[in-house]
Amino acid sequence: FRSTPSRRRLAITKFIYKLVNVVIVQTDRVKDRLHSEWKLQNMTVIGNMIPLRSSAYLGINKCVTSIVTVSRLVPTKNNHLLIYSLRNILNAKCKLTIYGHGPEKKSLEALIDKLNLKSYVKIISGETCINTMLVDADIFISLSELEGFSNALLEAVSCGVPSIAFDCDFGAREILNNGHCGILLESLELSLIEKNIKGLMDDYDQRLIFSQRGIKHAEKNFSIKSVMSSWSSVIDRV
């Protein structure tokens with residue numbers, strides 16, 4: 001909804017969507033938005049699927065030593081805000097790893113250097129194995145302000161990594177089950193971000209609860225079995 005397609009492309013898309021048997025959307029909020037703005041009726045909500053992994057190897061450490069984010073390095077992902085919000089938190093015992101690549105990499109590296117955080121923040125652009133990215137993660141953070149449905153956040157939750165995400169349009173609220181499985185940030189104010197990160201770092205019991213709830217939520221709603229069952233139902237109906 002925040003993209004800027006040509007008027008012609010937008011008109012064609014709306015016309016086609018009204019002709020097809022079913023439009024699959026990933027969240028109820030997208031469904032409501034399309035119904036409100038495009039008057040669509042033929043929609044079914046099916047979220048992304050995730051291959052469930054054993055969370056035993058992750059564990060929940062008493063002390064947070066590794067904060068992780070996975071994203072494209074572009075302005076809407078707000079990695080610069082994440083770095084700023086952690087500038088008073090990171091130290092020799094707690095470090096941030098940013099997995100991703102994109103046009104903002106050099107500017108983010110310059111910011112890290114400016115804030116004297118080179119010893120505590122690492123940007124890794126070549127890694128693609130989600131197990132490797134999350135194996136040592138104590139907290140996963142997404143400050144993205146523009147998503148369709150964040151696979152990176154879903155991966156973290158399904159692996160039992162306590163997570164914090166900005167309540168963007170769309171997906172974070174559904175993946176974190178309205179804040180039941182992680183912290184939903186109402187704004188991107190630096191003080192709020194820092195407060196919530198520090199609070200979660202200091203609260204082992206809450207991190208454990210988020211981990212356990214997240215795994216169960218992913219198993220119930222985003223497992224291959226669950227999502228394929230929804231797809232099969234739609235295909236049979238059509």
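The values are calculated or read from the model by the stated rules, or taken from the named source; none is laboratory data. This one's a predicted model, so the numbers in the text were calculated from it and none came from an experiment. Neighbour counts run over all protein chains shown; Cβ positions are idealised from the backbone, glycine included. Please note that ligands, DNA and RNA were not included when accessible areas were found on the heavy atoms of the full protein model with its side chains. Shrake-Rupley method; radii C 1.70, N 1.55, O 1.52, S 1.80 Å.
Quick notes on this one:
- Overall, the accessible surface of the chain at a probe of 1.4 angstrom is composed of carbon and sulfur to the extent of 50 percent.
- For segment 131-169 and segment 176-238, distance of Cα centres in Å: 8 Å
- About its Cα centre, the chain has a charge dipole of approximately 620 debye under the convention of +1 per Lys or Arg Cβ and -1 per Asp or Glu Cβ, with nothing else charged.
- Segment 92-204: relative contact order in percent, alpha carbon pairs under 8 Å with at least 6 residues between: 18 percent
- Ranked by how many other beta carbons lie within 10 Å on average, peptides 77-84, 162-169 from highest: 162-169, 77-84
- Exposure rank, largest accessible area first [Ser125, Ser107; 1.4 Å]: Ser107, Ser125
- Per residue, the chain exposes 53 Å² of accessible surface when a 1.4 Å probe is rolled over the protein heavy atoms with every protein chain present.
- Neighbourhood net charge (12 Å Cβ-Cβ; Lys/Arg +1, Asp/Glu -1) for Thr97: -1
- Segment 175-222: GluC sites (Glu not before Pro) falling in loop per DSSP and having at most 12 other Cβ within 10 Å: Glu186, Glu189
- Mean separation of Cα contacts under 8 Å (6+ apart) over length of segment 157-207, as relative contact order %: 30 percent
- The distance separating the Cα centre of segment 85-106 from that of segment 26-42 comes to 37 Å.
- When the charge dipole of segment 149-213 is built from unit charges on Cβ atoms (+1 for Lys and Arg, -1 for Asp and Glu) and taken about the Cα centre, the candidate among Ser158, Ile183, Ile197 whose Cα reaches farthest toward its positive end is Ser158.
- Relative contact order (percent, whole number), the chain, Cα cutoff 8 Å, 6+ residue spacing: 22 percent
- 29 Å Cα-Cα threshold exceeded, pairs from Lys105/Lys220; Lys31/Lys195; Lys31/Lys216; Lys93/Lys195; Lys14/Lys105: Lys105/Lys220; Lys31/Lys195; Lys14/Lys105
- Using just its DSSP H runs of length 4 or more, each adding -39500 (n - 2.57), the chain gives a mean residue ellipticity at 222 nm of -13000 deg cm²/dmol after division by all residues.
- For Ser66, distant residues with modelled amide H under 5 Å away: Lys95, Asp138, Ile139
- Summing Lys and Arg as +1 and Asp and Glu as -1 over all other residues whose Cβ lies under 11 Å from the Cβ of Asn177 gives a net charge of +3.
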